[in-house]
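Following: one structure in structure tokens, then a few remarks.
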């Protein structure tokens, strides 16, 4: 599934994007994946009852970009990362510089490999692959967001719409 389809599933309107630029939204989403892993792992103790905490975490992941207020400023790292994601998703309308593509592809590859390892660990109830996969996902996501900050800084210099997202 591509990133734009995922954004559409999450119904990321301009208002939701603006609220998601709040650093509290960004940093609490980092905690969502370990919570989701714990909820899925709880099937060992809760059997089908593990669906309840799993669904609660999935609901939180959907609600997260909506529950925090629009930040007072978007000049911090986490906010620029979110703005960079918007710019990246908008690249069909406004192309991004080509030097970003290889690094973005690499970070997404790290994330995908980590996700696969993590799923395998969860499926087999093996702690080490689960934790290893989680660490790769977090590494890939953090590197991706760092690249999005760079993209935000670079593209905001050239496009008035993107300049308006920085305040």
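Read-outs: derived from the displayed coordinates by stated rules, not from any lab. It should be emphasised that the depicted structure is a prediction, and the values quoted were computed from it without experimental measurement. Because the Cβ atoms are built from the backbone with ideal geometry, glycine has one as well, and the counts that use them run over all protein chains shown.
List of remarks:
- Modelled label positions at residue 158 and residue 146, each set 7 Å beyond Cα in the direction of Cβ, lie 2.3 nm from each other.
- Approximating the spin labels as points 7 Å out from Cα along Cα→Cβ, the residue 32-to-residue 59 distance works out to 1.5 nm.
- Contact order relative to length of the chain, as percent, for alpha carbon pairs under 8 angstrom and 6 or more apart: 26 percent
- Top of 108, 90, 22 by mean-square fluctuation, Gaussian network on the chain, Cα under 10 Å: 90
- Only helices enter this figure: runs of n ≥ 4 DSSP H residues, each worth -39500 (n - 2.57), summed and divided by the residues of the chain, yield -23500 deg cm²/dmol at 222 nm to the nearest 500.
- Counting only alpha carbon atoms, the long axis of helix 51-67 and the longest principal axis of the chain meet at about 10°.
- Sorted ascending by nearby beta carbons within 10 Å, beginning with the fewest, 92, 70, 141 become 92, 70, 141.
- Nearest-ten-degree value, helix 32-41 long axis tilted from longest Cα axis of the chain: 20 degrees
- Gain upon complete extension [residue 108, residue 92; 0.36 nm per residue less C-alpha separation]: 3.9 nm
- Alpha-carbon centroids, the stretch 22-81 and the stretch 103-167: separation in whole Å: 15 Å
- Rounded to 10°, Cα long-axis angle of helix 127-156 versus longest principal axis of the chain: 10 degrees
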